[in-house]
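Step one of this worksheet: look at the structure below.
The values are calculated or read from the model by the stated rules, or taken from the named source; none is laboratory data. In this text the structure is predicted, and so the values were computed from the model without any measurement. Here the Cβ is made from the backbone with ideal geometry for all residues, glycine too, and neighbour counts use every protein chain on show.
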Amino acid sequence: MGDKYFDLDRDELLEMLDFLEEDVENVRRVAKFIEEKDIDAEFLFHGKSESAKDSAEKTDLDLDQIVKTLVFKTGNDFVAVLCPGDSRVSEQSLEDLTGSKVRMAKPSEVENHTGYIVGGVSPFDLDIDVFMDISIPEKDLVRPAAGSRVVGVELEPEELVRALNPSIEDICR
């Protein structure tokens, strides 16, 4: 996994430090989960990313290797869907899988049900059902968020599957 570094001007550095301060407990939470599950993974710091596209541009991974963790409300429950960065979740497919009408969770709902902030939602240590698109296990390397908009976790898809035991479905387009 890459040995890249990135340059920050003073304002960018201060912004990154603010994000890290806000997200430090979530990054620790992910690191603890990774350690407890004995997952072979590396943590990658990068410039602030608000989207999968931003994240891919700031690292050496392709957009389809960035794994978005999206949270949906399904009836009275919430579920997480792991989706490649270049894809979108098919809400119809998710409705078919859950048997309920679905909608994207509001940022406050995401934080309440996952503990993570939108933009840094990690698939690790969730107390909700997790679905993974069938294309993710086919990748060589993937990177979901590590509980922060400036930290990701790089790992092989098999390790991600082993860590999460998700329901693997054809759910993204």
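Of the residues that make up the stretch 9-27, is at least one surrounded by fewer than 15 Cβ atoms within 10 Å (Cβ to Cβ), in a helix (DSSP H, G or I) and of a type in the set (Val, Ile, Thr)?
Pass one, the stretch 9-27, residues surrounded by fewer than 15 Cβ atoms within 10 Å (Cβ to Cβ): 9-14, 17-18, 21-22, 24-25.
Those still in the list that are in a helix (DSSP H, G or I) too: 10-14, 17-18, 21-22, 24-25.
Going one step further and asking which of them are of a type in the set (Val, Ile, Thr), we end up with 24.
Yes.
Limited to the stretch 40-65, what total is found for residues that are buried (at least 17 other Cβ atoms within 10 Å of the Cβ) and part of a loop (DSSP other than H, G, I, E, B)?
7
If you check VAL142, VAL153, which single one turns out to be closer than 21 Å to PHE33 by Cβ, β-branched (Val, Ile, Thr) and in contact with a helix residue (DSSP H, G or I) (Cβ under 6 Å, 6 or more places away or on another chain)? Break it down into steps so the answer makes sense when it comes.
Values: VAL153 fails: in contact with a helix residue (DSSP H, G or I) (Cβ under 6 Å, 6 or more places away or on another chain).
Result of the check over VAL142, VAL153: VAL142.
Can you give me the ranges of the strands (runs of 3 or more DSSP E) entirely in the stretch 66-168 with at least 3 residues that are surrounded by 18 or more Cβ atoms within 10 Å (Cβ to Cβ) and of a type outside the set (A, V, I, L, M, F, W, C)? Show your work before the answer.
Numbers: elements: 66-74, 77-84, 102-104, 129-133, 151-155.
Of the strands (runs of 3 or more DSSP E) lying wholly inside the stretch 66-168, those with at least 3 residues that are surrounded by 18 or more Cβ atoms within 10 Å (Cβ to Cβ) and of a type outside the set (A, V, I, L, M, F, W, C) span 66-74.
LYS58 passes all but one of (1) out of contact with any strand residue (DSSP E or B) (no Cβ under 7 Å at 6 or more places or on another chain); (2) closer than 21 Å to LEU126 by Cα; which number fails?
Condition (2) is where LYS58 drops out.
I'm trying to understand the selection: among the residues of the stretch 94-148, which are touching a Pro at 6+ places or on another chain (Cβ under 6 Å), modelled with pLDDT of 95 or more and among the β-branched types (Val, Ile, Thr)?
Within the stretch 94-148, VAL130, ILE136, VAL142 qualify.
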